[in-house]
1. Under 29 Å Cα to Cα from LYS49, which lysines show up? Leave out anything in the same chain fewer than 8 places away.
2. Between (1) 38, 15, 9; (2) 25, 16, 13; (3) 29, 17, 13, which entry matches semi-axes √(5λ) of the Cα gyration tensor in Å as derived from the coordinates of this structure?
3. Which whole DSSP H helices in the chain pass both tests: a Cα extent of 27 Å or more along the axis and a mean Kyte-Doolittle value no lower than 1.0?
4. Under the rule of -39500 (n - 2.57) per DSSP H run of 4 or more residues, summed and divided by the residues of the chain, what mean residue ellipticity at 222 nm is obtained, to the nearest 500 deg cm²/dmol?
5. Please give the per residue accessible area of the chain, computed with a probe of 1.4 Å over protein heavy atoms only, in Å².
6. Using a 1.4 Å probe on the protein heavy atoms, what percent of the accessible area of the chain belongs to carbon and sulfur?
7. Counting alpha carbon pairs within less than 8 Å and at least 6 residues apart, what relative contact order, in whole percent, applies to the chain?
8. Once you put a point 7 Å from the Cα of ALA73 and another 7 Å from the Cα of ALA31, both along the Cβ direction, what distance in nm separates them?
Amino acid sequence: GGSWGASQGKLAIMVGGNADIFDRCAPVFRALGERIVHVGPNGSGQLVKLVNQILVAGTLNAVCEALVFASSAKLDLSKTIEAVGGGAAGS
C-alpha cells in the first residue's frame with residue numbers, strides 16, 4: 001500500500017509470530033490495514049514481504065522489457081498498451 005495505503009489505513013499486513021499474540025494485536029493491525037494475514041512463526045512476515053517485493057520487482061522488470069521490445073520493433077506504444085491491456089497483461 002505504500003505511503004498512500006498507510007495514510008488511508010489500507011495496508012496489506014503480513015504478520016509472523018505467536019498466533020495468540022497476533023489475535024490480541026489484531027485491533028491495531030485493523031487500524032492500519034485491510035488485508036491482514038498471520039503467515040506463521042516469527043520472521044515469516046518479513047519473508048512474505050520479501051516475496052511481495054520480488055513479485056513487484058519482477059513484474060516491473062517484465063513491463064519495462066516488453067515496452068523496450070515493442071519500441072525496438074517500431075510498434076506504436078500507446079496502441080500496443082491498449083491492445084494488451086484488456087487481457088492478462090493488463091494486470
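The values are calculated or read from the model by the stated rules, or taken from the named source; none is laboratory data. Predicted model, so just to flag it, every value in this text is computed and none were measured. Backbone-built Cβ (ideal geometry, glycine too); neighbour counts: all protein chains shown. Just the protein is used for accessible areas: all its heavy atoms, side chains included, with ligands, DNA and RNA removed. Shrake-Rupley method; radii C 1.70, N 1.55, O 1.52, S 1.80 Å.
1. LYS10
2. It is the value labelled (1).
3. Correct list, ordered by number: 44-72.
4. One gets -20500 deg cm²/dmol as the mean residue ellipticity at 222 nm.
5. Per residue, the chain has an accessible area of 75 Å².
6. Looking at the chain in its full context, I get 62 percent from C and S.
7. 23 percent
8. In this crude spin-label approximation the distance works out to 5.2 nm.
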